[in-house]
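The values are calculated or read from the model by the stated rules, or taken from the named source; none is laboratory data. Nothing here was measured: the structure is a model prediction, and the numbers come from that model. Glycine gets a Cβ as well: all are built from the backbone with ideal geometry, and neighbour counts include every protein chain shown.
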Amino acid sequence: MFALKTTPARTFLRRAEEIAKPVTRWSIGHAIPRVALRAAARRGDLQGRLSIEAGGGADLTGLFDEIRAHGAVATTRVGHVTTRHSACKDILTDDAFKTVRFVPDNPVLNRLVAWSESGLIHPIQPPSLLASEPPDHTRYRKLVTRVFTARAVEQLRQRTQAIADELLESLDPTNPVDLIEQYCGLLPVTVISQILGVPPEERDKVLALGGAAAPSLDLGLPWRTFRTVEATLAEFDSWLTVHLEKLRANPGDNLLSKLIAAREDGVGLTERELKATAGLVLAAGFETTVNLLGNGIALLTRNPGELGKLRGNPDLWSNAVDEILRYDPPVLLTGRLCARDTEIGGVPIQRGSIVSTVLAGANRDPEIFDAPSVFDVARANARDHVSFGAGRHYCLGASLARMEGEVGLRSIFERFPDLRLLGGARRRQTRILRGFETLPATLI
């Protein structure tokens, strides 16, 4: 009798938790920070303004200059922020700073965070490479680097060229096209899928999941976006579980099969570590490159003189990719937590402080780049940008992104020299990842 009476109660409590936990996660991780950042922005706080104004791909050049005018690091009520190139590199390479995700100071809120955890693999939560620190990060990176070498990437160049040619051949030049949907998205997802052993029939699904999960890097998501992101991460986790099982049963000549078998001092990755690493490599392997290709096409069509330089000297294409990365980078910023009292550029940073290194702002630092607001494919030091970060968290896929950017951009402008953008281009609403959601164009 007791069991009969308590079963409905248990069911009710379980269902109540299923509702309460995501509400708690969103409230603490997004709603509270969102309100705080908006209030800070209204007061003119630089960090608050950056968070609010970044949505939709707005031109932030003026704000970058304001932040830089405050010195090496600007101290605000929200935290610290810098757009100085030297300060960004110092912070990203100094072991006094660790990766960070929003964590409330209040112990009660912290307990609620622990209680409400979803258990899903998340790109900015351990054991993701983006959120791990040594010694775990060192172990993960060693294992991935073994199967993701620059030599391996260069061997993919011919295949990447063939994929680009196939995609361009499939376009109907007599009709307008959305270049994001029909080229910029398909090229990198096809390449990374081949690297990781994803069958062709599943690539559209991976592309859709990656796009839907892109806002997961942002803070202060609206409720509906948050729920979409969590549902997408759960679906991606289920898909990845099945994919890894298939590769274990039938390993192939792909990097993910090699990662499953990789060992460091006799120790491989746990299931959760493997899924976190594989998921990040897969998603990051095309999401940022989509932005690189779209941003590059937009910049080159809007700057025909620079495109003319490339046509006159094709050897400049590699440098042009770095200038695109400098001028309109796929990633706006990355955050760090100060682990001990220190100083950057003479500015004291206390333990526990959060510092935002604005990569896009550092790329416009006039102390490093002459005429930083000028897009110049022949810029001598274009490669000095920090779009791939720096230090131990330097982007693992930098070589792949550069190669895909060079092949993808050169190929489309060679195949369609009269390519012209149409009205209706729309930037993504995400804050951290910056690029185009749609890019309509005519090809002839």
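If I ask for residues that are farther than 29 Å from THR277 by Cα, part of a helix (DSSP H, G or I) and among the hydrophobic types (A, V, I, L, M, F, W, C), which ones from the range 141-178 would you list? LEU168, the sole residue that qualifies. Among the residues making up the range 347-385, those that are more than 24 Å from ARG402 (Cα to Cα), among the hydrophobic types (A, V, I, L, M, F, W, C) and more than 25 Å from the chain's Cα centre (by Cα) are VAL347, ILE349. Assuming LEU280 fulfils every condition listed in (1) surrounded by 14 or more Cβ atoms within 10 Å (Cβ to Cβ); (2) touching a Phe, Trp or Tyr at 6+ places or on another chain (Cβ under 8 Å) apart from one, which condition is it? For LEU280, the exception is condition (2).
Number of residues in the range 32-68 that are in a loop (DSSP other than H, G, I, E, B) and crowded, with 18+ Cβ neighbours inside 10 Å: the value is 3.
Tell me the residue from SER353, SER373 that is of a type in the set (Ser, Thr, Tyr) and modelled with pLDDT of 95 or more, please.
That would be SER373, the only listed residue that is of a type in the set (Ser, Thr, Tyr) and modelled with pLDDT of 95 or more.
The residue that is surrounded by the most Cβ atoms within 10 Å (Cβ to Cβ), counting only those in the range 140-192 that are at pLDDT below 90 and among the charged types (D, E, K, R), is ARG141. Examine the range 124-133 for a residue that is part of a helix (DSSP H, G or I), among the acidic types (Asp, Glu) and modelled with pLDDT of 85 or more, and state whether such a residue exists. There is no residue in the range 124-133 that is part of a helix (DSSP H, G or I), among the acidic types (Asp, Glu) and modelled with pLDDT of 85 or more.
Remark: pairs (first residue in the range 28-43, over 18 Å from PRO107 (Cα atoms); second residue surrounded by fewer than 16 Cβ atoms within 10 Å (Cβ to Cβ) and among the charged types (D, E, K, R); Cβ separation under 8 Å; 6+ apart in sequence or on different chains) = ALA40/ARG77; ALA41/GLU53; ARG43/ARG77.
Summed over the range 63-74, residues that are of a type outside the set (Phe, Trp, Tyr) and either out of contact with any strand residue (DSSP E or B) (no Cβ under 9 Å at 6 or more places or on another chain) or at pLDDT below 95 (or both) total 3.
Of the candidates ASP178, ASP172, the single residue that is of a type outside the set (A, V, I, L, M), over 19 Å from GLY435 (Cα atoms) and out of contact with any helix residue (DSSP H, G or I) (no Cβ under 8 Å at 6 or more places or on another chain) is ASP172. Can you pull out the residues in the range 75-102 that are basic (Lys, Arg) and touching a strand residue (DSSP E or B) at 6+ places or on another chain (Cβ under 7 Å)? LYS98, the sole residue that qualifies. From SER193, SER216, which residue is on the phi < 0 side of the Ramachandran plot and in contact with a His (Cβ under 7 Å, 6 or more places away or on another chain)? The match here is SER216.
Against the criterion of being among the acidic types (Asp, Glu), part of a helix (DSSP H, G or I) and farther than 23 Å from THR334 by Cα, GLU230 does not qualify.
Among the conditions (1) touching a Gly at 6+ places or on another chain (Cβ under 9 Å); (2) within 30 Å of GLU18 (Cβ to Cβ), the only one that ASP90 does not satisfy is (2).
For the range 289-303, the candidate set comprises residues that are polar (S, T, N, Q) and either surrounded by 24 or more Cβ atoms within 10 Å (Cβ to Cβ) or without any contact (Cβ under 8 Å) to a residue 40 or more places away in the chain (or both); within that set, the residue that is nearest to LEU422 (Cα to Cα) is ASN295. Every test in (1) at pLDDT below 90; (2) crowded, with 17+ Cβ neighbours inside 10 Å; (3) part of a loop (DSSP other than H, G, I, E, B) is passed by GLY119 save one, and that test is (2). The residue pairs whose first member lies in the range 117-140 and is closer than 16 Å to PHE97 by Cα, whose second member is among the β-branched types (Val, Ile, Thr) and modelled with pLDDT under 90, and whose beta carbons are closer than 8 Å, counting only pairs six or more residues apart or on different chains, are LEU129/VAL144; LEU129/THR277; LEU130/ILE124; ALA131/ILE124. Look at the range 160-187: where a residue is without any contact (Cβ under 8 Å) to a residue 60 or more places away in the chain and a partner is buried (at least 21 other Cβ atoms within 10 Å of the Cβ) and hydrophobic (A, V, I, L, M, F, W, C), sitting 6+ places away or on another chain with Cβ atoms under 7 Å, you get ILE163/LEU187; ILE163/VAL191; LEU167/LEU186; LEU167/LEU187. Given the criteria within 25 Å of SER170 (Cβ to Cβ), surrounded by fewer than 19 Cβ atoms within 10 Å (Cβ to Cβ), touching a Lys or Arg at 6+ places or on another chain (Cβ under 9 Å) and β-branched (Val, Ile, Thr), does THR342 qualify? Taking the combined requirement at face value, the residue does not satisfy it.
For the range 264-271, the count of residues that are farther than 22 Å from GLN194 by Cβ, touching a residue at least 40 places away in the same chain (Cβ under 8 Å) and part of a helix (DSSP H, G or I) is zero.
Can you spot a residue in the range 435-444 that is outside any helix (DSSP H, G or I), small (Gly, Ala, Ser) and surrounded by fewer than 20 Cβ atoms within 10 Å (Cβ to Cβ)? So far as the range 435-444 goes, no, none of its residues is outside any helix (DSSP H, G or I), small (Gly, Ala, Ser) and surrounded by fewer than 20 Cβ atoms within 10 Å (Cβ to Cβ).
For ARG224, the conditions (1) modelled with pLDDT of 90 or more; (2) in contact with an Asp or Glu (Cβ under 8 Å, 6 or more places away or on another chain) are fulfilled apart from (2).
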